[in-house]
Amino acid sequence: MLPERVRVVEVGPRDGLQNEPLTVPAEEKVRLVNGLAGAGLGYIEVGSFVAPKWVPQMADTASVFAAIEHLPGVVYAALTPNLRGLESAMASGVREVAVFAAASEGFSQRNINCSIAQSLERFEPVLALALKQGMRVRGYVSCVLGCPYDGDIRPEQVRDVAQALLDMGCYEVSLGDTIGVGTAGSTRKLIDVVSQRVPRHQLAGHFHNTYGQALANVYASLLEGVAVFDSAIGGLGGCPYAKGASGNLATEDLLYLLHGLGIHTGVDLEAVVRLSQQFNATLGRLPDSRVTRAAMGSSHAYPAPP
C-alpha cells in the first residue's frame, strides 16, 4: 500500500550546488531558498558548514542563513561534518543539522580521509552537543547501492551504519545511492535488510539519476513503506568524490510522480517548475528535469495535487 503523504526534503541549495564549478552568489542562493519555501517545501537543506578549501561553494552558508526569510513551519537545515561545523551552525541559529557516513570504506577514506568506524566516532560528540542543545539531527549514509571504489555494497553494511547513526541520536537516516547505480530490485532488498534494525518510518531515500533509475527506485521505496525522499530542484548536483555521478533526482520529477499517484506533498509543482527555470537560467543551462523541460515546450496540465 502506498503512503497517503510524503515528505520531500529539498537538498538543491546544498547537495545540488556544492559541486558547481562557478561560484553562485549568495543573493541567488537566498532567492532560491525563499522560492522553495514559498512553493511549499517544508524542509530545505540550505548549506553546509565545512572548510571552504574543501567545498568553496559553501563558504557563504552563514551569510545565506542570515538573509533568508525563515518562514514559520519550514525546517532550514545544514550539513555539519564535525564539531567546528556544528558550532558555526549554532552561531547562525540553525535548529536542525545533518551528518553523513558512508557504507563503503573506499568512499569514506577518499571523502573524509578516515574509516567508517572512525567517522562514526567523530560524530559522537557532534550528536551529543546537538542533542544537548535541543537540535534535531538527520543522518545520511552514502554509497548504499554501489561505490565508485569498492563496487557492490552489501545491504548488511548499510544496515550497520544506519543503525549506528540511529543509536547515536539521529531521528532519521537517508539512504543515498550516490552514484545512481541502484535498481528497483536492489532498492527493495536494501530496505528490507536495513529495516531489520532501523524502522521504515525512520528511513528516507536519496537517489541520483545517473542511470535513469531514480524514479523507479522511489516507487520501489514507496512500496516498501518509505515516505521521505530527498531531491534537488532542476536535478542539480553530483558528487565531487564520485566521478561520473550525475545529479540528484529532480524535485519536479519526484512531485509529478507523487501527485500522479494521489500522494499528498503540500508542494506547488507549478511554482517549483517556474523556480527551476529561473534559477537554472542564472547558471546558464537548462534544468536536468524531464518535467520542467517538457513544461518549457508545451502547455500540458500537471497532475492535480491531492
Contour excess over end-to-end distance, with Cα ends at residue 189 and residue 163 and 0.36 nm allotted per residue: 7.7 nm
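Of all DSSP beta bridges located in the chain, what percent are antiparallel, nearest 5? Walk me through the intermediate numbers first.
On the way: 2 of 36 bridges.
For the chain, the DSSP antiparallel bridge percentage is about 5.
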Share of Cα-Cα pairs in the chain lying beyond 29 Å, as whole percent: 28 percent
Size-normalised alpha-carbon gyration radius of region 1-69, reference 2.2 N^0.38 Å: 1.22
Estimated inter-spin distance, residue 286 and residue 271, nm [label 7 Å along Cα→Cβ]: 2.7 nm
Binned Cα-Cα distances of region 47-140, short to long, each 5 Å bin given as a whole percent: 3, 14, 23, 23, 19, 11, 5, 2, 0
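What area, in nm² and to one decimal, does the C-alpha convex hull of region 108-205 cast on average over all directions?
On the way: hull surface 24.1 nm².
Dividing the Cα hull surface by four gives the mean projection, 6.0 nm².
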DSSP beta bridge pairing in region 119-269, given as percent antiparallel to the nearest 5: 15 percent
Pairs of lysine residues in region 7-295 - Cα separation under 28 Å, sequence separation of 8 or more or cross-chain: 4
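Just to verify a number: FRET efficiency for residue 294 and residue 211, C-beta to C-beta distance, R0 = 30 Å, to 0.05? Can you show the working numbers first?
Working: r = 21 Å, r/R0 = 0.69.
Once rounded, the FRET efficiency stands at 0.90.
What's the whole-number percent of alpha carbon pairs in region 30-101 lying beyond 19 angstrom? Write out the running numbers ahead of the final one.
Details: 723 of 2556 pairs.
Result for the distance tail: 28 percent.
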Whole-Hz couplings from phi, Karplus 6.51/-1.76/1.60, listed for region 84-100; x for Gly and Pro: 4, x, 4, 4, 5, 5, 4, 5, 8, x, 6, 10, 9, 10, 10, 10, 9
Cα-projected label distance for residue 156 with residue 219, points at 7 Å along beta-carbon direction, nm: 3.2 nm
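Which FRET efficiency value, to the nearest 0.05, is calculated for residue 131 and residue 302 with the Förster distance at 30 angstrom and r the Cβ-Cβ distance? Don't skip to the answer; put the middle values down first.
Values: r = 40 Å, r/R0 = 1.34.
That gives a FRET efficiency of 0.15.
Of 296, 1, how do they rank once you tally other Cβ atoms within 10 Å and put the fewest first?
1, 296
Could you give the size of the charge dipole of the chain about its Cα centre, using +1 on the Cβ of each K and R and -1 on the Cβ of each D and E, expressed in debye and rounded to the nearest 20?
Details: 24 positive and 29 negative charges, 13 e Å.
Rounded to the nearest 20 debye, it is 60 debye.
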Estimated distance in nm for a label pair at residue 66 and residue 4, the labels positioned 7 Å out from Cα along Cα-to-Cβ: 4.4 nm
Taking 186, 221 and counting other C-beta atoms within 10 Å, the order from fewest to most: 186, 221
Base-10 log of normalised Debye intensity for region 2-159 (one unit scatterer per alpha-carbon) at q = 0.10, 0.16, 0.17 Å⁻¹: -0.38, -0.97, -1.07
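Rank the residues 96, 124 as a footprinting-exposure proxy: fewest other Cβ atoms within 10 Å of their Cβ go first.
Details: 96 17, 124 12.
Arranged by neighbour count, lowest to highest, 96, 124 become 124, 96.
Read-outs: derived from the displayed coordinates by stated rules, not from any lab. From a predicted model like this one, the values you see are computed outputs, not experimental measurements. Neighbour counts run over all protein chains shown; Cβ positions are idealised from the backbone, glycine included.
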